[in-house]
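Just below is one structure, and these are the notes that go with it.
Every number here is computed from the coordinates shown, using simple stated rules; none is lab data. No experiment lies behind these values; they were computed from the predicted model shown. With ideal geometry, Cβ positions are generated from the backbone for all residues, glycine too; neighbour counts draw on all protein chains shown.
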Amino acid sequence: MKANKALKRLSKVEALLADLAKRYAAGAHHVREGLQLAKDAVGRAKEAVSSEASAKAAKKAAPAGKKTAGKKAAAKSTAKAAKKRAPITKVAKKTASARAQAVRESSAQESGLGVANSDVTV
């Protein structure tokens, strides 16, 4: 049962016990005493449920903020790493293209065609 629902039910029980204790005559002291003890027990149960509910809420709230901060930091570091890798990849591609062009030129020169016919694939 959820804590709020339990608290509502315990409040109703406490109110009913208080009403019942008022209805008994002063002569039935042992009955009124029993009802008062029951009402006190219900009050302690309400305190226990409310403190347990607040402890669970605090426990859930604390890690949630830490997770969000951790996720933001991880995303930030991932983005920085991606930015650092991106130019290296582009440079590597350019270097590979330049190497391919150099190979084409050297093969064209060896075959005697010259640089003008650099469209030849290797």
Could you check the simple spin-label distance between Asn4 and His29, using points 7 Å along Cα→Cβ, in nm with one decimal?
-> 4.5 nm
How much of the calculated P(r) for the range 1-54 lies past 14 Å, in percent of all Cα pairs?
-> 55 percent
Sort 99-105, 54-60 for me by packing, meaning the mean count of neighbouring Cβ atoms within 10 Å per residue, highest on top.
-> 99-105, 54-60
Gained length - Gln109 relative to Gln36, 0.36 nm times residue gap less alpha-carbon distance = 15.4 nm
